[in-house]
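Student: Sharing a structure here in structure tokens format.
The values are calculated or read from the model by the stated rules, or taken from the named source; none is laboratory data. Since this is a predicted model, take the numbers as computed values, not measurements. All Cβ positions, glycine included, derive from the backbone under ideal geometry; neighbour counts span all protein chains shown. Note: areas computed on protein heavy atoms with side chains; ligands, DNA, RNA excluded. Shrake-Rupley method; radii C 1.70, N 1.55, O 1.52, S 1.80 Å.
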Amino acid sequence: MKKMLREPLMHFLVAGAMLFVFYGYVGGSDETDDAQISIGSAQIERIRDVWEKQWRRLPTDEELQKLIEQFIQEEVLYREALALGLEKDDTIIRRRLAQKMRFLIQDIADQNQPEVAELKAFFEENREQFQAPTRVSFTHVYFNPDRRGAAAVEDARQVLESLKESAVERATDRGDPFMLHYDYVEISQQEVARLFGQRFAENLLALRPGPWRGPIRSGYGIHLVRILDYVPAQMPQFAEVADRVRQEFMDTQRRNANEEAITSLKARYRIVIDQKALKKEGLQAATIETSKDSS
């Protein structure tokens, strides 16, 4: 029984029932007259809140009356549109309603707040996810192939030889103007790859602090680099990343709840895909049926 109460679908069904009861309460009427539009205190308060968030003040009595009238007009048009079936075959409405269902499932999942022990267990199972990445500090000299042509590599080698014989720590004037920075401090491999390309990042992280090295090619051209500092990847303690662990745990819980709820809801339907129609479009087709029969 306890396990069943923790199932996302059960939470969804309970929440749905609660929403149904709540809707009947705020409607302000026990009658089920489709021709009646009831504006209760909860609805008026919601209209006020929306206005206050937008304009940073409460609406005047006159403004509130206009807002209520706008709500009534919208409700009338909404009901008439449903009566005419205008919501059918509308992609935007379809996606919006599906999105609201996902939000509802996620809200239900968020009600299950994790204990510290659960977070620590999640951290231990996913330690690599929270590992501080390798970081490097470096300076570089750039040689522009568009300006130097095939001579860019040879020019870089000649400058490298001159730098090896000197104690120059920064030599931006030995090359060409560069559109980004010349100096980077504690930048991760991912950031280097984003700026210079994956191959450049891999070659750079293979070096250690010391003399000038190169030439190294990037998406921009040719570089000479000097590693100033190198901080290897580090595994933090749980206390250092507790907030991040909680966020990742909740995100994972939302994804799992969404997948489980959709799987459970799909089981209520018998889904059949027209094989001939798919084959006509050149796709591999299959008839999909769930365990729940429509009979």
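Student: Would it be correct to say that E69 is among the acidic types (D, E) and open to solvent by 100 Å² or more (accessible area, probe 1.4 Å)? Please lay out each step first, then the result.
Tutor: Working: among the acidic types (D, E): yes; open to solvent by 100 Å² or more (accessible area, probe 1.4 Å): no.
In short, no.
Student: Which one is farthest from the chain's Cα centre (by Cα) among residues in the range 228-255 that are acidic (D, E) and outside any strand (DSSP E or B)? Working first, answer last.
Tutor: Of all residues in the range 228-255, those acidic (D, E) come to 229, 240, 243, 248, 251.
Narrowing the set further to residues that are outside any strand (DSSP E or B) leaves 240, 243, 248, 251.
Details: E240: 23, D243: 17, E248: 11, D251: 10 Å.
Here the answer is E240.
Student: Pairs under 6 Å by beta carbon, first residue under 20 Å from R135 (Cβ atoms) in the range 199-227, partner assigned to a loop (DSSP other than H, G, I, E, B) and among the polar types (S, T, N, Q), six or more apart or different chains?
Tutor: Within 6 Å, the pairs are F200/S218.
Student: Still on this model: Just name the residue that is most open to solvent (accessible area, probe 1.4 Å) out of those in the range 84-95 that are touching an Asp or Glu at 6+ places or on another chain (Cβ under 9 Å) and either touching a residue at least 24 places away in the same chain (Cβ under 8 Å) or part of a helix (DSSP H, G or I) (or both).
Tutor: Of all residues in the range 84-95, those touching an Asp or Glu at 6+ places or on another chain (Cβ under 9 Å) come to 86, 93-94.
Filter again for either touching a residue at least 24 places away in the same chain (Cβ under 8 Å) or part of a helix (DSSP H, G or I) (or both), leaving 93-94.
Values: I93: 62, R94: 178 Å².
Here the residue is R94.
Student: Being within 10 Å of Q253 (Cβ to Cβ) and outside any helix (DSSP H, G or I) is the filter; apply it to the range 112-126 and report the residue that is least open to solvent (accessible area, probe 1.4 Å).
Tutor: So in the range 112-126, the residues within 10 Å of Q253 (Cβ to Cβ) come out as 112-114, 118, 122.
Those left that are additionally outside any helix (DSSP H, G or I): 112-114.
Numbers: N112: 60, Q113: 102, P114: 12 Å².
Per the stated criteria, the residue is P114.
Student: For A167, state whether it is part of a loop (DSSP other than H, G, I, E, B), of a type in the set (G, A, S) and surrounded by fewer than 19 Cβ atoms within 10 Å (Cβ to Cβ).
Tutor: Values: part of a loop (DSSP other than H, G, I, E, B): yes; of a type in the set (G, A, S): yes; surrounded by fewer than 19 Cβ atoms within 10 Å (Cβ to Cβ): yes.
Spelling it out, A167 is indeed part of a loop (DSSP other than H, G, I, E, B), of a type in the set (G, A, S) and surrounded by fewer than 19 Cβ atoms within 10 Å (Cβ to Cβ).
Student: Go through (1) out of contact with any helix residue (DSSP H, G or I) (no Cβ under 9 Å at 6 or more places or on another chain); (2) at pLDDT 50 or above; (3) assigned to a loop (DSSP other than H, G, I, E, B) for S29 and report which single condition fails.
Tutor: Exception for S29: condition (2).
Student: Can you tell me which residue is surrounded by the fewest Cβ atoms within 10 Å (Cβ to Cβ) among those in the range 127-139 that are under 22 Å from Y182 (Cα atoms) and out of contact with any Asp or Glu (no Cβ under 6 Å at 6 or more places or on another chain)? First the steps, then the outcome.
Tutor: Pass one, the range 127-139, residues under 22 Å from Y182 (Cα atoms): 133-139.
Within this subset, residues satisfying the condition of being out of contact with any Asp or Glu (no Cβ under 6 Å at 6 or more places or on another chain) are 133-134, 136, 138.
Working: P133: 13, T134: 15, V136: 25, F138: 21.
If we take residues in the range 127-139 being under 22 Å from Y182 (Cα atoms) and out of contact with any Asp or Glu (no Cβ under 6 Å at 6 or more places or on another chain), then P133 is surrounded by the fewest Cβ atoms within 10 Å (Cβ to Cβ).
Student: Could I ask something else about it? Out of the range 140-153, which residues are crowded, with 19+ Cβ neighbours inside 10 Å and out of contact with any Pro (no Cβ under 8 Å at 6 or more places or on another chain)?
Tutor: Of the range 140-153, the ones crowded, with 19+ Cβ neighbours inside 10 Å are 140-143, 152.
Result: H140, V141.
Student: Against the conditions (1) open to solvent by less than 70 Å² (accessible area, probe 1.4 Å); (2) of a type outside the set (S, T, Y); (3) at pLDDT below 90; (4) not in a helix (DSSP H, G or I), where does H11 fall short? Just the number, please.
Tutor: The single condition H11 does not satisfy is (4).
Student: Just to be sure before I move on: is V225 at pLDDT 90 or above, β-branched (V, I, T), in a strand (DSSP E or B) and in contact with a helix residue (DSSP H, G or I) (Cβ under 8 Å, 6 or more places away or on another chain) in the structure I sent? Spell out the reasoning first.
Tutor: Details: at pLDDT 90 or above: yes; β-branched (V, I, T): yes; in a strand (DSSP E or B): yes; in contact with a helix residue (DSSP H, G or I) (Cβ under 8 Å, 6 or more places away or on another chain): yes.
Criteria met by V225.
Student: Let me ask you something else. Scan the range 201-222 for residues that are within 18 Å of A171 (Cβ to Cβ) and not in a strand (DSSP E or B) and report the count.
Tutor: Narrowing the range 201-222 to residues within 18 Å of A171 (Cβ to Cβ): 204, 207, 209-216, 218, 220-222.
Then drop every residue that is not not in a strand (DSSP E or B), which leaves 204, 207, 209-212, 218, 220-221.
Matching residues across the range 201-222 total 9.
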